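Here is the structure we will look at.
The values are calculated or read from the model by the stated rules, or taken from the named source; none is laboratory data. No experiment lies behind these values; they were computed from the predicted model shown. Glycine also receives a Cβ, built like all others from the backbone with ideal geometry; neighbour counts cover every protein chain displayed. The accessibility values were calculated without ligands, DNA or RNA, using every heavy atom of the protein model including side chains. Shrake-Rupley method; radii C 1.70, N 1.55, O 1.52, S 1.80 Å.
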Amino acid sequence: MKLTLKIWRQKSQQQAGELKTYTLNDLNSHMSFLEMLDILNEQLILANEDPVTFDHDCREGICGQCGMMINGIAHGPLENTTTCQLHIRSFSDNDTIIIEPFRAGAFPIRKDLSVDRSALDRVISSGGYISTNTGQAPDAHAIPITHQTTEAAFDAAACIGCGACVATCKNGSAALFTSAKVGHLSLLPQGKEERAERVINMVNAMDEEGFGHCTNTEACEVECPQGISVLQIARMNYEFIRAKIFEKEK
C-alpha cells in the first residue's frame, strides 16, 4: 500500500504548528497504525530529521496512551477501537490520512501528536479512590452485591482514561470520563462512605481544570473505545445533586 500522511508537527506549546506531508510506499496492510508511524520515524531518523512524537505504551488497547485524531475522528474510523488497535487495512491504497493531536483547552500540546492529559489524573486524585484498609482479599461472598450492580460498576470501570471523549466533544467536556470514575465507586459498598464528598470534589476539579460543560450531544459515547454509556453522566448528575442536598441538610 501507498499512503500519504499529513501529520501535525509542533515543536512545543509555545511554537506554532503545521501539517507536514509524508509519503510511505510498500506498506503491509496488516501492520498497525502505530507500526506505520514507527516506519515513518525510522525513515526520518535515517534522513537526520526529527521523528514524530506520539504517545503510546501497551499497544494492546488497555493503557489509553495512544490518542490522536485520524481524519478528524478520535482513534480513527473504527468503533470501540484505540489507535494502537487500528490497522492500515482500514484505509485504501493511495489514501491521504490527516493525523492530529487531541485538541482541547485542558490538553496542551507537548510536541507533535503528544498532549498533556495530566488534568485527567488530577480529577482522579481529587476523589477517585476509597479510603479504607485493604488487608487481605475478603471471601467472594463476604459482601453481597447483586449481579446487576456488579455489571454496572464494571461497565463504568472499563474507562481507560484516553481522553477521546474530551477531544471529540465540541465543548471539551470531561463529563463522560469523570462520571465513569464516579460511577464505578459509588455503586460498590466500599465506595459508599465517601460517596457525596467524592462526586463534589471530582466535579469541582473537572471545572477547575478548564474542561467544558456537557450539552448532551453524545459524541463522547460514539468515540469512546470502551463504549462507556452517556447514562454514566446522568448517574453522576444524580449523585452530585444528591450530595448537594445532603450537604444543605447537615
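Taking interchain pairs and intrachain pairs at least six residues apart, which have beta carbon atoms under 6 angstrom, with the first residue in the range 164-182 and under 20 Å from Val199 (Cα atoms) and open to solvent by 20 Å² or more (accessible area, probe 1.4 Å) and the second modelled with pLDDT under 95 and not in a helix (DSSP H, G or I)?
These pairs meet every condition: Lys181/Gly128.
Take Glu209 and tell me if it is in contact with a Leu (Cβ under 9 Å, 6 or more places away or on another chain), within 17 Å of Gly161 (Cβ to Cβ) and open to solvent by 20 Å² or more (accessible area, probe 1.4 Å).
yes
Can you tell me which residues in the range 159-187 are assigned to a loop (DSSP other than H, G, I, E, B) and either touching a Lys or Arg at 6+ places or on another chain (Cβ under 7 Å) or closer than 18 Å to Ser125 by Cα (or both)?
Residues satisfying the conditions are Cys159, Ile160, Gly161, Cys162, Gly163, Ala174.
Condition test on His141, is it free of Cβ contacts under 8 Å to residues at least 60 places away in the same chain, in a loop (DSSP other than H, G, I, E, B) and within 29 Å of Thr21 (Cβ to Cβ)?
No, not satisfied.
Take Ser114 and decide whether it is of a type in the set (S, T, N, Q) and either exposed (fewer than 14 other Cβ atoms within 10 Å of the Cβ) or closer than 30 Å to Gln190 by Cα (or both).
Against the criterion (of a type in the set (S, T, N, Q) and either exposed (fewer than 14 other Cβ atoms within 10 Å of the Cβ) or closer than 30 Å to Gln190 by Cα (or both)), Ser114 does not qualify.
Take the range 16-30 and flag every residue that is out of contact with any Leu (no Cβ under 7 Å at 6 or more places or on another chain), surrounded by 10 or more Cβ atoms within 10 Å (Cβ to Cβ) and farther than 16 Å from Pro51 by Cα.
The answer is Asn28, Ser29.
Which residue is nearest to the chain's Cα centre (by Cα), if the candidates are limited to the range 218-244 and must be of a type in the set (S, T, N, Q) and open to solvent by 70 Å² or more (accessible area, probe 1.4 Å)?
Gln226
Look through the range 59-84, keep the residues that are over 16 Å from Ile228 (Cα atoms) and touching a residue at least 60 places away in the same chain (Cβ under 8 Å), and return whichever of them is surrounded by the fewest Cβ atoms within 10 Å (Cβ to Cβ).
Among them, the one singled out is Ile73.
State which residue is surrounded by the fewest Cβ atoms within 10 Å (Cβ to Cβ) when the search covers only the range 194-206 and only residues that are closer than 14 Å to Thr178 by Cβ and among the hydrophobic types (A, V, I, L, M, F, W, C).
Ile200
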